[in-house]
Amino acid sequence: DRAMRLQAWLFDQLGDRDRSIKTMRTLLAQNQNVAGDLNNLAWLLATRDGGSHADRTEAVQLARRAVTLDSGAHRFRGTLAVALVANGQLEEGKEEAQRAIEMARKTGDEEAVAELRERMGEVEKRKR
């Protein structure tokens, strides 16, 4: 599993988002209850350039499941926020982003705060 996660990450870093998504799907087919894997696939789908409506809808579903499995993970909530905005659910996405930011600040993860704000801005621009 660790090797497949690394492989998915490498594909994404090399610009091959499709192979990264395919690898994450294979990994999730083995175990659909790993919050981190659900979150990672949701992120890949939500932030995919030229992604389809089906991708964005699936991203929201996956991110919601990840948050359900681990509601204390601010990065998972951040992914849900980005997925919601990418899917056109702006108000709910902004509310979720605020929750994620508050949670990240409580843990001192200012890097996550900055990343989420940047990503939310990028996704909102794409939706215009």
Report summary line: Computed over the chain: longest principal axis from alpha-carbon atoms vs helix 2-13 long axis, angle to nearest 10 degrees, is 70
Query - Cβ-based charge dipole, the chain, positive-most Cα from SER52, ASN39, LEU14 - result: SER52
Requested in this report: May I ask for log10 I(q)/I(0) of the chain at q = 0.11, 0.13, 0.14, 0.17 Å⁻¹, from a Debye sum over the Cα atoms as equal point scatterers with solvent left out?
Outcome: -0.34, -0.48, -0.56, -0.84
Query raised in the report: Given a Förster radius of 41 Å and the C-beta distance between GLN7 and GLU91 as r, what FRET efficiency does 1/(1 + (r/R0)^6) yield to the nearest 0.05?
Result: 0.65
Report task. May I ask for the angle, rounded to the nearest 10°, between helix 110-127 and the longest principal axis of the chain, with both axes built from Cα atoms and the value confined to 0 to 90°? Result -> 80
Query raised in the report: Ranked highest first by the average count of other Cβ atoms within 10 Å around their residues, in what order do 106-118, 13-25, 62-74 fall?
Result: 62-74, 13-25, 106-118
Query - Candidate lysines - alpha carbon under 21 Å from LYS125, same-chain residues fewer than 8 apart omitted - result: LYS94
Query raised in the report: Sorted by mean Cβ packing within 10 Å, highest first, what order do the peptides 34-43, 96-105 take?
Result: 34-43, 96-105
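Can you tally the net charge around ASP37? Count Lys and Arg as +1, Asp and Glu as -1, for every other residue whose Cβ sits under 15 Å from the Cβ of ASP37. Numbers along the way, then the final one.
Numbers: positive: ARG2, ARG5, LYS22, ARG25, ARG64, ARG65, ARG75; negative: ASP1, ASP12, GLU58, ASP70.
Value of the local net charge: +3.
Values quoted throughout were computed directly from the atomic coordinates according to the rules given, and no laboratory measurement underlies them. Owing to the predicted nature of the structure, the values given are computational and were not obtained by experimental measurement. Cβ sites come from the backbone with ideal geometry, for glycine too, and all protein chains shown count toward neighbours.
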